[in-house]
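Okay, so here's the structure we're looking at.
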Amino acid sequence: WPTHIGRDGFTEEVSAGNLVSLYTWAIANPGILDRIFWYDLHNDGVEYENPEHNFGLLDNWTTDSIAVPMAAKPSYVALCAMNAILGDAEYVGMYDMGHKKITAYHFKKDGKDLLVTWADDCTLNMIANVGENNIIVTDMYGNDFEVIKGIIVQPT
């Protein structure tokens, strides 16, 4: 999912979300994919309109005065966060969220339930009944938000 500007380009957030979706699917379906090879580790150039310059997990950009050859792109941050969260998790199964464009995978780690969800349409809302329990919602970049009785409380 190259992050170039123009035709067939993806925003960095969409590219990161697609990466997390692909890797989560692969973890939940062992034996289907032996390996995933990501093309490229870092962007090949600095032209924002060129697809071949924008496939990387790491950026490669420059201005008149500053060169930043290996800055982490959102996809890299999302991959690191996903690995930290799902690294030792055990896949339990899929949940039916009541809509074909919403995906939900259930994992267990350290005796706790993890639910990895995403919507193929950003206008959809996801509602999960977790009873009276407070939950922690973690975005794809590893940021945690506590949900207390349906209200999201951002850490300070």
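Find the all-direction average of the projected area of the Cα convex hull for the chain, expressing the result in square nanometres with one decimal place. One quarter of the hull surface, i.e. the mean projection, equals 11.8 nm². About its Cα centre, the stretch 1-77 has a charge dipole of approximately 320 debye under the convention of +1 per Lys or Arg Cβ and -1 per Asp or Glu Cβ, with nothing else charged. Taken one residue at a time, the phi angles of the stretch 110-122 give Karplus couplings (6.51, -1.76, 1.60, θ = phi - 60°) of 6, x, 10, 7, 10, 10, 9, 10, 7, 10, 6, 10, 5 Hz. Gly and Pro are set to x. The angle between the Cα long axis of helix 74-86 and the main principal axis of the chain comes to about 30°, on a 0 to 90 degree scale.
Any idea what the dipole of the chain comes to, in debye rounded to 20, about its Cα centre with Lys/Arg Cβ at +1 and Asp/Glu Cβ at -1?
Computed about the Cα centre, the dipole is about 500 debye.
For the options W61, W38, W25, a Gaussian network treatment of the chain with springs between C-alpha atoms closer than 10 Å singles out W38 as fluctuating the most.
Between helix 12-28 and the chain there is an angle of about 50 degrees, using the helix long axis and the longest principal axis of the Cα atoms. Per the Debye formula on identical point scatterers at the alpha carbon atoms of the stretch 23-95, with no solvent, log10 I(q)/I(0) at q = 0.21, 0.23, 0.24, 0.25 Å⁻¹ is -0.94, -1.03, -1.08, -1.13.
From the protein chains alone at 1.4 Å, what is the descending order of accessible area for L79, L41, largest first?
Result of the area sort, largest leading: L41, L79.
Mean residue ellipticity, 222 nm, helices only, the chain: the sum of -39500 (n - 2.57) across DSSP H runs of n ≥ 4, divided by residue count and rounded to 500, is -6500 deg cm²/dmol.
For the stretch 60-118, the square roots a ≥ b ≥ c of the C-alpha gyration tensor eigenvalues yield an a/c of 1.5 or more together with a/b not exceeding b/c, which makes the shape oblate.
The values are calculated or read from the model by the stated rules, or taken from the named source; none is laboratory data. In this text the structure is predicted, and so the values were computed from the model without any measurement. Cβ atoms come from the backbone with ideal geometry, glycine included; neighbour counts cover every protein chain shown. What goes into the accessible areas is simple: the full protein's heavy atoms, side chains included, and nothing from ligands, DNA or RNA. Shrake-Rupley method; radii C 1.70, N 1.55, O 1.52, S 1.80 Å.
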